[in-house]
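First comes the structure, then the notes that go with it.
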Amino acid sequence: MHATTPELTDDEVRTIRGDFPILAETVNGHPLAYLDSAATTQKPRAVLDAEREFLERRNAAVHRGAHTLAAEATEEFEAARATVAAFVGADVGEIVWTSNATEGINLVAYGLSNAAFGDGDPALAVGPGDEIVVTELEHHANLIPWQQLARRTGATLRYLPVDDDGALRLDLVGEVITDRTRVVAVSHVSNVLGIVNPVAVLVEAAHRAGAIVVLDACQSAPHAPLDLGELDVDIAVFSGHKMLGPTGVGVLYGKRTLLEALPPFLTGGSMITTVTLDRAEFMAPPQRFEAGTQRVSQAIGLAAAVRYLDAVGMPRIAAHDRQLGARLAEGLDAIRGVRVLGPVGVERVGLAGFDLAGVHPHDLGQVLDDRGIAIRVGHHCAQPLHRRLGLGASARASAALYTTDDEVDRFLDAVDEAAGFFGVRS
Amino acid sequence: MSSDDLRALYQEVILTHARDPDGRGIVDGWTGRAREVNPLCGDEIDLAVGVEGGVIRSITWEGHGCAISQASASLLTGLLEGATVADARERIELFRTALRSRGEIELDEEHFGDAVALGGVSRYVARVKCAMLAWVTLENALATS
């Protein structure tokens, strides 16, 4: 199915690049080669214009007020929700706006512990004897909220290990996911390794055990078609700014029945029906989870980003991305002293984490920056995975739909020369 | 191939010290010890100082990090072994001021010897912490001594 989707042509990528003003910037005397899209993507004019247009012509608080602008703003805000819902194969009522993916995961983790206090469906309450399962390769955002949930409730945190290459140990799924498991939290695509995790296997095991699956889709949503309904996960989160949208807006997807049972995390205005001095009744989802003034222009910007991605076509973006991922991984692998992180022969997005023997990632990043090449260095918010791979830090190059082969090649040449610069080769 | 800016940051003396640093491997007999982490990059240093009669007799350390942080720890060892505690504190403060000056204040050779090579780091705000790590850790180790 993948092989038949045509990649973006060089001309198409050139046209796309014209829509991203920042890509024409010069950095340290070189044309910018932006290979840090997994940290945050650049934004096309369509997104910047959508936010500006809204703020200049229709800005108002949503879901309150009777004036014309308030009505228009509310309509556009809700239309944005529908756009994003359609993009990920969800119903509009299953999409909750958050500030970012991290807030989305915390919303669920706190909701589950709040259920123990009699809010929402008591069947959701997590407590002693219950187990929460994460994986060894998670981003801290999909680890620490679960550690904290376990601490608050007395539940036990368990993890599915990875092998020496960083692949999930599927042979241990049956041991780790049991009838005590209440939550299985996993990332769709590893932000360090770029590999696609076998979500279907975990979903099946989790559902058989009666547990919910929380999917971190931050690194998959920008790269390939995403159908959350088909994946059958119970919760998914992703961030706007990693998929051409603005910062300050993220998305929480939840199956309708689960969202209806889940008590709120943040409480206050806009999420209630009746309030007395003693207590409050909460609205139905998604509003139950959207307390306070909403990030309206950002949601509208994210909808513009989704329309932009749709217009290019996610299957074609995915084909382009896979090609760049292979070029990155194969190119790096051919450089003496480079260890490409992650198992080989599995599906990979346009992202490669690596280690260059004898050169600390920060020094490598500095040399690349000197040539206008932006990559990520450090532990990428995944310290346990780095420890497991025997590293303190690593370097990561990540692509997006606007990335060219030429940028990848400039990057590969610079990595090769960095080894010479630091004198780690005789 | 590399620009002059990059050569000014990674001077030969830094690369040499990073490859083969002095003072690595903590030696017994220390009187003060501290551990610091740079949470942004995960760099770590565990540094032990031996003080006798107000004079620093030994500085040894263990840790990992970038070339700047490793060279900085190495240069610090050679520079401040034999210095009085008061003198070391003063030079740590001068070092901090220069490193935070965004290239405005240079390190002078009289006080800093070969460690003047670290002065180039002050123009790279994101790397100042790398150069400072060992110095801050020594300051904390002296406080426990």
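The values are calculated or read from the model by the stated rules, or taken from the named source; none is laboratory data. Note that this is a predicted model, so its numbers are computed, not measured. Note: ideal-geometry Cβ built from the backbone for every residue, glycine included; neighbour counts use all protein chains shown.
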Report task. Among the residues of the stretch B:33-85, write down those that are without any contact (Cβ under 8 Å) to a residue 12 or more places away in the chain and of a type in the set (D, E, K, R). Result -> none
**Report entry** Residue count, the stretch A:230-272 (criterion: modelled with pLDDT under 95 and among the hydroxyl-bearing types (Ser, Thr, Tyr))
**Finding:** 1
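Could you tell me whether B:ASP46 is more than 8 Å from chain A (Cβ to nearest Cβ), among the acidic types (Asp, Glu), touching a Gly at 6+ places or on another chain (Cβ under 7 Å) and in a loop (DSSP other than H, G, I, E, B)?
Values: more than 8 Å from chain A (Cβ to nearest Cβ): yes; among the acidic types (Asp, Glu): yes; touching a Gly at 6+ places or on another chain (Cβ under 7 Å): yes; in a loop (DSSP other than H, G, I, E, B): no.
In short, no.
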Query raised in the report: Of all the residues that make up the stretch A:243-258, how many are more than 27 Å from A:THR403 (Cβ to Cβ), surrounded by fewer than 24 Cβ atoms within 10 Å (Cβ to Cβ) and not β-branched (Val, Ile, Thr)?
Result: 3
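If we keep just the residues of the stretch A:360-392 that are of a type in the set (A, V, I, L, M, F, W, C) and surrounded by fewer than 21 Cβ atoms within 10 Å (Cβ to Cβ), which is modelled with the highest pLDDT?
Let us first name the residues in the stretch A:360-392 that are of a type in the set (A, V, I, L, M, F, W, C), namely A:364, A:367-368, A:373-375, A:377, A:381-382, A:385, A:389, A:391.
Remaining after also requiring surrounded by fewer than 21 Cβ atoms within 10 Å (Cβ to Cβ): A:374, A:381, A:391.
Values: A:ALA374: 98, A:CYS381: 93, A:LEU391: 93.
Looking at residues that are of a type in the set (A, V, I, L, M, F, W, C) and surrounded by fewer than 21 Cβ atoms within 10 Å (Cβ to Cβ), I get A:ALA374.
Output the helices (runs of 4 or more DSSP H) that fall wholly within the stretch A:1-94 and possess 1 or more residues being under 19 Å from A:ALA318 (Cα atoms), or say none.
Working: elements: A:10-18, A:45-57, A:68-87.
Passing ranges, in order: A:10-18, A:68-87.
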Report summary line: The strands (runs of 3 or more DSSP E) lying wholly within the stretch A:308-426 that contain at least 2 residues that are away from chain B (no Cβ under 14 Å) and either β-branched (Val, Ile, Thr) or in contact with a strand residue (DSSP E or B) (Cβ under 9 Å, 6 or more places away or on another chain) (or both) are A:338-340, A:351-356, A:394-398
Requested in this report: Filter the stretch A:33-79 for residues that are under 23 Å from A:VAL377 (Cβ atoms) and either in contact with a strand residue (DSSP E or B) (Cβ under 7 Å, 6 or more places away or on another chain) or modelled with pLDDT under 95 (or both) and give the result.
Outcome: A:ALA33, A:TYR34, A:LEU35, A:ASP36, A:SER37, A:ALA38, A:ALA39, A:GLN42
Report summary line: Just one listed residue, out of B:ASP43, B:ASP22, B:ASP28, is crowded, with 19+ Cβ neighbours inside 10 Å and of a type in the set (Asp, Glu), and it is B:ASP43
Query raised in the report: Any idea which of (1) in contact (Cβ under 8 Å) with a residue 40 or more places away in the chain; (2) more than 12 Å from the chain's Cα centre (by Cα) is the one A:PRO222 doesn't satisfy?
Result: (2)
Requested in this report: Mind listing just one residue for me: the one in the stretch A:19-44 that is out of contact with any Lys or Arg (no Cβ under 9 Å at 6 or more places or on another chain) and exposed (fewer than 14 other Cβ atoms within 10 Å of the Cβ) and, of those, farthest from A:SER220 (Cα to Cα)?
Outcome: A:THR26
